[in-house]
Amino acid sequence: SFLAGAHGAIIMFDATFRSSYKNTPAYYKQLYMVNGISICLVGNKYDCSELKVKLKQITFHHKRNLPLCLISARTQYNLMNALIQVLSSCIGTDKAITKTPQVIESESEMSSTIRQERDEEWAEYLRAMARGPEDDDDHF
């Protein structure tokens with residue numbers, strides 16, 4: 001099996017393609033069967049202006065107590081936080097990333113307007129999580 005000996009895994013979805021997020025439960029089910037594996041949910045393409053999966057729609061991780069990171073692989077937006085999150089889970093520190101996504105100097109390709117929007121969405125998400133997750137059914 002490709003999971004033999006794995007300590008951690010990333011379930012990544014494309015935020016510009018709704019069915020990509022809707023498929024995360026199937027991937028989770030495969031990974032969950034591997035005892036003790038740390039799993040992180042990662043949404044990619046958060047540098048794009050036309051998102052099909054908004055932050056408030058991402059609820060799958062709540063009931064499963066999975067960390068969530070939103071990234072842009074193209075611009076490296078929040079990429080290091082996602083990797084740190086997975087590695088922390090694997091070594092047992094389980095320190096959730098709750099700060100504003102890390103901005104790397106090389107992210108000049110991401111517009112400042114989109115970056116500001118994503119940072120504001122993340123701040124609102126953190127405030128909502130502090131109040132407690134709503135009872136959701138992973139619906140759009």
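All of the numbers you see were taken from the coordinates with simple rules; none came from a lab. All values reported here derive from a predicted model rather than from experimental measurement. Here the Cβ positions follow ideal geometry from the backbone for every residue, glycine too, while neighbour counts run over all protein chains shown.
In this structure, Met80 and Asp119 have a Cβ-Cβ separation that, at R0 = 25 Å, corresponds to a calculated FRET efficiency of about 0.95.
Ranked by the mean number of other Cβ atoms within 10 Å of their residues, highest first, the peptides 12-18, 126-132 come out as 12-18, 126-132.
Peptides 29-39, 65-75 ordered by packing proxy, namely the average of other Cβ atoms within 10 Å per residue, highest first: 65-75, 29-39. The C-alpha atoms of the range 27-79 occupy a region whose extents along the principal axes are 37, 21, 15 Å, arranged from largest to smallest.
On full extension of the chain, what length is gained from Met33 through Leu126, given 0.36 nm per residue of separation minus the C-alpha to C-alpha distance? Walk me through the numbers on the way to the answer.
Details: separation 93, 0.36 × 93 = 33.48 nm, distance 2.95 nm.
Additional length available on full extension: 30.5 nm.
Distant-in-sequence amide contacts of Phe13, defined by a placed amide H-H separation under 5 Å and a gap of 5 or more residues or a different chain, comprise Val42, Gly43, Asn44.
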